[in-house]
Amino acid sequence: MSDPAVVHLVTTVERADPAELAEAGRRAFRAAGLGTRVRGLTAVKSHFGEEGGQGFLPPPVIRAVVDEVRSAGGTPFLTDTTTLYTGKRAQAVDYAALVHAHGFTFEAVGAPFVAADGLVGANETEVRIDGVHHRTVALAADALRAGSAVIVSHVTGHLACGLGATVKNLGMGLASRRGKLRQHSTLRPHVDPDACTACEQCLPNCPTGAIAPAKGRRGTPPPMAIDSARCSGCGECLASCRDDAIRFDWKAESRTLQESMAEHALGYCRRMAGRIGFLTFATHVTKDCDCMGKRQKPLCADIGVLAGTDPVAIDQAALDLVRRHAGRGLEAMSYPRLDGSFQLDHGERIGLGTRSYQLVKAAE
């Protein structure tokens, strides 16, 4: 049995403003000694928000990390990857413009944004892991070319994984388009015709055109249907359906997705061994991840910033702290049919990290 990982916690006041969050992040970075892991070109990997969304970490937080990286001798750059689904993050040019529109300008944060997977998600490197689901994983090439990385994550629920935090930010967030498709390959949504109102809200949100009115179905208009042969499994239809008419096998398919995600995270962490650190914000914890282009209410009181070098331990600590503060688990408050711990179970099993941790609370 492995020794417990040390997870540092810097608490924050309720509804802390951006400057207070930035200071908490700075303190957590220093408490965990993340500066010792900085080498040369340093990827500051975060989620910079979808168009219309407001839950992403604010620019002053990223500025604090950029400053700490530079103080440690690194050359920081902001990074993320493009998405499978339609929207302003589907290719690098629109995403860079969105990053700027959300306030992450060079003047504000002190570092440029570089899409780690290139213009359309094809800039990739295959990394061998010999995992349970994958022999190799396809990762964003420029994230691997960095000398070091600081992964800045935000704890939320997730419509397919139950938990969106450090492991997801790594595994999904640093996969190339091919890697994302592999992770979603078992996610096969289908339409419940009795629940579908034929509002067609899902149609423009499907990047592969897999959704169309069902043939041979009675009704005016007929319900929608999904062509499984064309479906990429991106899950955008699940997010866009307002009638809960699009379903998938929550237990079996979510588990495989989470385990695949953990294996992609493993590929990156192995390649960056000794040169990677994690800051995870358990503040403004919401039902859905920051990929959602909408304002969201928090599910529980703010907790603080977690920092360390073990992504599994940090996410386990985050789940435990949310349960302790809210009186019930994150999944129970967001997607009760899901179990977000599958990614942590598998992550521990394959060597990504440990669920056993020692929580060290920073002095006030």
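The values are calculated or read from the model by the stated rules, or taken from the named source; none is laboratory data. What you see is a predicted model, and the numbers here were worked out from it, not measured in a lab. Glycine also receives a Cβ, built like all others from the backbone with ideal geometry; neighbour counts cover every protein chain displayed.
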Task: the stretch 17-37, subset in a loop (DSSP other than H, G, I, E, B) and more than 22 Å from the chain's Cα centre (by Cα), residue farthest from residue 356 (Cα to Cα) - done: 17
TODO: Find all pairs meeting these conditions: Cβ atoms under 8 angstrom apart; at least six residues apart or on different chains; first residue within the stretch 49-71 and without any contact (Cβ under 8 Å) to a residue 24 or more places away in the chain; second residue β-branched (Val, Ile, Thr) and assigned to a helix (DSSP H, G or I).
DONE: none
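Might you let me know whether the stretch 75-94 holds any residue that is farther than 20 Å from residue 362 by Cβ, aliphatic (A, V, I, L, M) and assigned to a helix (DSSP H, G or I)? Full working, then the answer.
So in the stretch 75-94, the residues farther than 20 Å from residue 362 by Cβ come out as 75-94.
Filter once more, so that each one left must be aliphatic (A, V, I, L, M): 78, 84, 90, 92-93.
Retained after the next criterion (residues that are assigned to a helix (DSSP H, G or I)): 92-93.
Yes, the stretch 75-94 contains a residue that is farther than 20 Å from residue 362 by Cβ, aliphatic (A, V, I, L, M) and assigned to a helix (DSSP H, G or I).
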TODO: Answer yes if at least one residue in the stretch 27-39 is closer than 19 Å to residue 140 by Cα, in the same structural domain as residue 168 (by TED's automatic domain parsing) and polar (S, T, N, Q), and no otherwise.
DONE: no
Task: Members of the stretch 31-52 found to be surrounded by fewer than 21 Cβ atoms within 10 Å (Cβ to Cβ), at pLDDT 95 or above and in contact with a helix residue (DSSP H, G or I) (Cβ under 7 Å, 6 or more places away or on another chain), listed by number - done: 35
Open item on the list: Pull out all pairs, ordered by first then second residue, where Cβ-Cβ is under 9 Å, the residues are six or more apart or on different chains, the first lies in the stretch 206-226 and is within 10 Å of residue 193 (Cα to Cα), and the second is modelled with pLDDT under 85 and of a type in the set (Lys, Arg).
Closed with: 223/217; 225/217
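Before we move on, is residue 101 surrounded by fewer than 16 Cβ atoms within 10 Å (Cβ to Cβ), over 18 Å from the mean Cα position of the chain (by Cα) and modelled with pLDDT under 95? Don't jump to the end; show me each part of the working.
On the way: surrounded by fewer than 16 Cβ atoms within 10 Å (Cβ to Cβ): yes; over 18 Å from the mean Cα position of the chain (by Cα): yes; modelled with pLDDT under 95: no.
No; evaluated as a whole, the condition is false for this residue.
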Task: Failed criterion for residue 334 (all others in (1) more than 28 Å from residue 102 (Cβ to Cβ); (2) surrounded by fewer than 24 Cβ atoms within 10 Å (Cβ to Cβ); (3) among the small types (Gly, Ala, Ser) hold) - done: (1)
Task: Any chance residue 137 is assigned to a strand (DSSP E or B), modelled with pLDDT of 95 or more, over 19 Å from the mean Cα position of the chain (by Cα) and assigned by TED's automatic domain parsing to the domain that holds residue 286 - done: no
- [ ] Considering every residue within the stretch 130-147, establish whether at least one is touching a Ser or Thr at 6+ places or on another chain (Cβ under 7 Å), closer than 19 Å to residue 289 by Cβ and either of a type outside the set (Lys, Arg) or without any contact (Cβ under 8 Å) to a residue 12 or more places away in the chain (or both).
- [x] yes
Open item on the list: Among the listed residues 282, 301, identify the single one that is more than 26 Å from residue 182 (Cα to Cα) and surrounded by fewer than 24 Cβ atoms within 10 Å (Cβ to Cβ).
Closed with: 301
Open item on the list: Suppose we keep only residues that are modelled with pLDDT of 95 or more and either of a type in the set (Lys, Arg) or not in a strand (DSSP E or B) (or both) within the stretch 145-162. Which one would you say is farthest from residue 189 (Cα to Cα)?
Closed with: 147
Open item on the list: Could you tell me how many of the residues in the stretch 313-329 are under 17 Å from residue 34 (Cβ atoms) and in contact with a Gly (Cβ under 7 Å, 6 or more places away or on another chain)?
Closed with: 2
- [ ] Filter the stretch 211-248 down to residues that are crowded, with 17+ Cβ neighbours inside 10 Å and farther than 24 Å from residue 173 by Cα and give me whichever is nearest to the chain's Cα centre (by Cα).
- [x] 246
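Could you pull out the residue among 130, 94, 142, 117 that is touching a helix residue (DSSP H, G or I) at 6+ places or on another chain (Cβ under 9 Å) and not small (Gly, Ala, Ser)? First the steps, then the outcome.
Numbers: 130 fails: touching a helix residue (DSSP H, G or I) at 6+ places or on another chain (Cβ under 9 Å); 94 fails: touching a helix residue (DSSP H, G or I) at 6+ places or on another chain (Cβ under 9 Å); 142 fails: touching a helix residue (DSSP H, G or I) at 6+ places or on another chain (Cβ under 9 Å).
Among 130, 94, 142, 117, only 117 is touching a helix residue (DSSP H, G or I) at 6+ places or on another chain (Cβ under 9 Å) and not small (Gly, Ala, Ser).
Look at the stretch 166-188 and say how many of its residues are assigned to a loop (DSSP other than H, G, I, E, B) and surrounded by 24 or more Cβ atoms within 10 Å (Cβ to Cβ).
Looking only at the stretch 166-188, we keep the residues that are assigned to a loop (DSSP other than H, G, I, E, B), and these are 172-174, 176, 185-188.
Okay, now just the ones that are also surrounded by 24 or more Cβ atoms within 10 Å (Cβ to Cβ), so 172-174, 176.
Going through the stretch 166-188 one residue at a time, the tally reaches 4.
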